[in-house]
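The values are calculated or read from the model by the stated rules, or taken from the named source; none is laboratory data. If you're wondering where the values come from, they're calculated on a predicted model, not measured in any experiment. Quick reminder, even Gly has a Cβ in these numbers, built from the backbone with ideal geometry, and neighbours come from all protein chains shown.
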Amino acid sequence: MIKIIKKFFDKNIARKMYRRRWFSGFFNKDFAWKVNRRMQYDKNPLFIILLDKYKVKEFARTNGVQTARLFYVTDQPETIPFNKLPSSYFIKANHASGWNILCYNSKHFLFDNGENIVNSDGTLNKHTSDEYSLSKEECVYLCKRWLGQKYKKREWAYQYITPKIIIEEVLESEDNGELKDYRMYTFHGKVKAINVGSPQYRKNGENVFFDPTWREFNLIKNRERCPDPLPKKPDNLTQMIDTAEILVQELNFARVDLYNTTKGIVLGEITIYPESGSRGTPTTCRDFNKWLGEQWGNVTTNHSFPTKM
């Protein structure tokens, strides 16, 4: 009985905290609030193409942007030609986020976002990778399950993607380290903020944002750790920004995720509903989240957010 009472109060506290954060977002019109508004009301058919990990490849190519090489695509996982594929590749569901399997040196692993199995140098963590290993039969079974599921009903566009399984190449970082994800927050066709992500950053709870000149935003109220050392400014940052802006000229907001690889700049994905609009995202600094939400307005604000010296 004590456990039931405690569970009841915990749930009510959680509800109150959620409502408090929701109302805070409502009055501040912060970034997460804008994402939730989009999920409810914006039915732009272009979203369906951009979120489809298969169709976005053609969209990118028509705009002169590289994507990972595609080895195979199917809606019948039992036809996957394992014996004809290279020793390393990704198996992904095109109609979801995080439904990923990594094949590395001919061994398969449930990848998700990589934080559980990837080291800081991009290699597999030998201590944890065995826990996530999959047989070929388990890969086929998992892919069949994915094809029969819809991803997050609140995220409208995902419900209209024709489910497929795609198999594509594993990309390598141009600096031979862990492959970093350069997340370009674009508003009305212009990059206003850049977030750098990686499996290790996610594992360590690290988060950092830069402006388009690679000055770090001063998130003084942020409770998340900052990477140490900070990620270096890419030599081709201007080209990366141009690449992101080419892809989203028609949208008031999109997050364009790019990789800086041995093949050059490659599109990872275009995100329409970052972090599902969860409250307190993309940082725990309310002031920054509010400023980021302001960029989503009909006309982007001229007010700048302070950066570190």
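Only a single criterion out of (1) in contact with a helix residue (DSSP H, G or I) (Cβ under 7 Å, 6 or more places away or on another chain); (2) in a helix (DSSP H, G or I) is not satisfied by Arg154, namely (2).
Residue-wise test of (1) surrounded by fewer than 19 Cβ atoms within 10 Å (Cβ to Cβ); (2) at pLDDT below 95; (3) not in a strand (DSSP E or B).
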| site | (1), (2), (3) |
| --- | --- |
| Ile167 | no, no, no |
| Gly177 | yes, yes, yes |
| Tyr182 | no, no, no |
| Tyr185 | no, no, no |
| Thr213 | yes, no, yes |
| Asp235 | yes, no, yes |
| Thr243 | no, no, yes |
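When the residues of segment 68-118 are filtered to those that are among the hydrophobic types (A, V, I, L, M, F, W, C) and farther than 20 Å from Arg145 by Cα, which remaining residue is farthest from the chain's Cα centre (by Cα)? Only one residue fits best here, namely Leu85.
Are any residues in segment 194-211 outside any loop (DSSP other than H, G, I, E, B) and touching a Cys at 6+ places or on another chain (Cβ under 7 Å), and if so, which ones? The one that is outside any loop (DSSP other than H, G, I, E, B) and touching a Cys at 6+ places or on another chain (Cβ under 7 Å): Glu206.
Only residues that are in a loop (DSSP other than H, G, I, E, B) and either touching a residue at least 24 places away in the same chain (Cβ under 8 Å) or within 18 Å of Trp291 (Cα to Cα) (or both) were counted across segment 215-231, and they come to 10. Residues that are touching a residue at least 24 places away in the same chain (Cβ under 8 Å) and under 17 Å from Thr284 (Cα atoms) within segment 198-209 comprise Tyr201, Arg202, Lys203, Asn207, Phe209, listed in sequence order.
Among the residues of segment 251-280, those identified as surrounded by 14 or more Cβ atoms within 10 Å (Cβ to Cβ), at pLDDT 95 or above and not in a strand (DSSP E or B) are Leu251, Asn252, Lys263, Ile272, Tyr273, Pro274, Glu275, Ser276, Gly277.
Output yes when any residue across segment 53-67 is assigned to a strand (DSSP E or B) and closer than 29 Å to Phe253 by Cβ, and no when none is. Yes, segment 53-67 contains a residue that is assigned to a strand (DSSP E or B) and closer than 29 Å to Phe253 by Cβ. In this structure, does Thr67 turn out to be among the hydroxyl-bearing types (Ser, Thr, Tyr), more than 10 Å from Ile167 (Cα to Cα) and touching a helix residue (DSSP H, G or I) at 6+ places or on another chain (Cβ under 7 Å)? Considered against the rule, which asks whether it is among the hydroxyl-bearing types (Ser, Thr, Tyr), more than 10 Å from Ile167 (Cα to Cα) and touching a helix residue (DSSP H, G or I) at 6+ places or on another chain (Cβ under 7 Å), Thr67 comes out as yes. When Ser133 is tested against (1) in contact (Cβ under 8 Å) with a residue 60 or more places away in the chain; (2) of a type outside the set (Phe, Trp, Tyr); (3) not assigned by TED's automatic domain parsing to the domain that holds Pro229, just one condition goes unmet, and that condition is (1). Within segment 109-151, the residues that satisfy the criterion of being within 23 Å of Phe47 (Cβ to Cβ) and part of a helix (DSSP H, G or I) are Trp146, Leu147. Just name the residue that is nearest to Lys136 (Cα to Cα) out of those in segment 41-81 that are free of Cβ contacts under 8 Å to residues at least 12 places away in the same chain, surrounded by fewer than 13 Cβ atoms within 10 Å (Cβ to Cβ) and assigned by TED's automatic domain parsing to the domain that holds Gly268. Filtering first and then ranking leaves Glu58. Given the structure, is Pro231 surrounded by 15 or more Cβ atoms within 10 Å (Cβ to Cβ), closer than 15 Å to Val191 by Cβ and touching a strand residue (DSSP E or B) at 6+ places or on another chain (Cβ under 8 Å)? In short, no.
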